[in-house]
Amino acid sequence: MEFGIFHEFPSLPGRPDEDAFDEAFDLVDAAEQGGLDAVWLAELHFDPARSVLSAPLCVASAIAARTRRIRVGIAVQVLPLCHPLRLAEEVATVDQISRGRLILGVGRSGVAQTYQAYGVPYAESRDRFNEVLDIVRRAWIEPTFSHDGPYHRFEDVTTTPRPYRGTPPDIRMAATSADTFPAIGALGLPIFVGIRHEPASAVAGNIQRYREAYRQAGHAGEPRVFLRFPAYLAETEARAREEAEPSLMHYYRAQAALLTESARRAGGPAGELRLEQARRLERITFEEALRGMVLIGTPATVGERLLGLREELGLSGVLMELNAGGLTPHAQVKRALRLLCDEVMPRFH
């Protein structure tokens, strides 16, 4: 099973942005040294109190240059906000610099205000996403190609560079709403599923529909499923809970506010769904979160729950968010990472 951490490069209140980058890169270095399989980067815009990570491909390039082994994932590149030709060239460039270690996670994002700031109607996000993804994939394999679509038009284009060794990067797609699971299966792409507080059973049916659509479409190989969730480890259960609770609860309340604002901007059925999610996150308690898909505890208890999840969902890997909310001190996050690498991962490798 592939072990990764998801990291937002959190802002540090009262401290300059360079300190936030220094701490985040120090965590990446520790992950490389500890034998972690992958580090995953967010894409977050216009929220300086939360994160400095607005340009994940730039950061991925820096990580690729300072490491030799660990894979670097983007979770997610928001495709509707990108020009597809520029994206194809930049992803291929980072893939070359990393010597094939890049994982391109793609999605639409539910943050409607980001779309508004970029001047892109959120109502167009699904169609724009599909068009950009198609162009990017073609750009990596076709010598010269043209495109005439609703949002992008060009003739006789050849992108450069090509991906490392001519093989397209590993693309994984974020699955959120129920209809996206079979759609991604039909495309033949791996999925990763982000869970905030729900139990694993809440997504089991959708994952099964993804696998059925994958096989019905005749794709080779096995469908791969990756799960992203908040997690934290310490030497005792009490310490793990005490250290994780403030940041995790801040994360839930901040997500509730973000979803409420996105619901207002998006409107319609999508807006109603986000408003319902926001209300749940406004009310959730720490104990309720622990009963859901949040893994907080000792290496032994976290390892046991991971074994159960792998069996229940058939997981290919995990993206564990060790600092959900961004408030946990850096030294404690590094300690949680060390426990993950030293005491949990060996049970699966």
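The values are calculated or read from the model by the stated rules, or taken from the named source; none is laboratory data. Model, not experiment: these values are computed from the prediction. Using ideal geometry, Cβ is built from the backbone for each residue, glycine included, and neighbour counts are taken over all protein chains shown.
Only one of the numbered conditions (1) among the acidic types (Asp, Glu); (2) assigned to a loop (DSSP other than H, G, I, E, B); (3) closer than 28 Å to Ala123 by Cβ is violated by Glu222, and that is (3). Please determine whether any residue of segment 65-79 is more than 24 Å from Ser262 (Cβ to Cβ), in contact with a Lys or Arg (Cβ under 9 Å, 6 or more places away or on another chain) and hydrophobic (A, V, I, L, M, F, W, C). Checking segment 65-79: at least one residue is more than 24 Å from Ser262 (Cβ to Cβ), in contact with a Lys or Arg (Cβ under 9 Å, 6 or more places away or on another chain) and hydrophobic (A, V, I, L, M, F, W, C). Within segment 236-260, the set of residues being surrounded by 19 or more Cβ atoms within 10 Å (Cβ to Cβ) and over 23 Å from the mean Cα position of the chain (by Cα) comprises Ala240, Glu243.
Annotation: Ala112 fulfils all but one of (1) in contact with a Phe, Trp or Tyr (Cβ under 6 Å, 6 or more places away or on another chain); (2) surrounded by fewer than 22 Cβ atoms within 10 Å (Cβ to Cβ); (3) at pLDDT below 95; the unmet one is (2).
Residue-by-condition table, conditions (1) more than 12 Å from the chain's Cα centre (by Cα); (2) at pLDDT 95 or above; (3) not polar (S, T, N, Q):
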| residue | (1), (2), (3) |
| --- | --- |
| Ala62 | yes, yes, yes |
| Arg69 | yes, yes, yes |
| Ile74 | no, yes, yes |
| Leu85 | yes, yes, yes |
| Glu89 | yes, yes, yes |
| Ser98 | yes, yes, no |
| Arg108 | no, no, yes |
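Exactly one residue out of Gly4, Gly35, Gly73 is touching a strand residue (DSSP E or B) at 6+ places or on another chain (Cβ under 6 Å) and farther than 22 Å from Thr328 by Cα: that is Gly73.
Just one of the listed residues (Arg228, Arg241, Arg224, Arg165) is touching a residue at least 24 places away in the same chain (Cβ under 8 Å) and touching a Pro at 6+ places or on another chain (Cβ under 6 Å), and it is Arg224. The single condition among (1) within 24 Å of Val225 (Cα to Cα); (2) under 19 Å from the mean Cα position of the chain (by Cα); (3) touching a residue at least 24 places away in the same chain (Cβ under 8 Å) that Pro56 does not meet is (3). When Asp134 is tested against the conditions (1) within 25 Å of Gly267 (Cβ to Cβ); (2) surrounded by fewer than 19 Cβ atoms within 10 Å (Cβ to Cβ); (3) under 21 Å from the mean Cα position of the chain (by Cα), the lone failure is (1). Residue pairs whose Cβ atoms lie under 9 Å apart, sitting 6 or more positions apart in sequence or on different chains, and linking a residue in segment 10-28 that is within 18 Å of Ser247 (Cα to Cα) and free of Cβ contacts under 8 Å to residues at least 12 places away in the same chain to a partner that is in a loop (DSSP other than H, G, I, E, B) and of a type in the set (Gly, Ala, Ser), are Leu12/Gly326. If the condition is being surrounded by fewer than 21 Cβ atoms within 10 Å (Cβ to Cβ) and hydrophobic (A, V, I, L, M, F, W, C), then segment 190-205 contributes Ile195, Ala200, Ala202, Ala204. Selection of segment 316-329 for residues being within 16 Å of Pro230 (Cα to Cα) and either under 18 Å from the mean Cα position of the chain (by Cα) or assigned to a helix (DSSP H, G or I) (or both) yields Gly317, Val318, Leu319, Met320, Glu321, Leu322, Asn323, Ala324, Gly325, Gly326.
State the number of residues belonging to segment 77-103 that are farther than 15 Å from Asn130 by Cα and either surrounded by fewer than 20 Cβ atoms within 10 Å (Cβ to Cβ) or not hydroxyl-bearing (Ser, Thr, Tyr) (or both).
15
The sole residue among Leu233, Leu259 that is in contact with a helix residue (DSSP H, G or I) (Cβ under 9 Å, 6 or more places away or on another chain) and farther than 25 Å from Gly105 by Cα is Leu233.
Scoring Arg69 on the criteria (1) buried (at least 17 other Cβ atoms within 10 Å of the Cβ); (2) at negative phi; (3) not polar (S, T, N, Q) leaves a single failure, condition (1).
Using the structure shown, decide if Gln277 is modelled with pLDDT of 95 or more, assigned to a helix (DSSP H, G or I) and not hydroxyl-bearing (Ser, Thr, Tyr). No: the conditions fail for Gln277.
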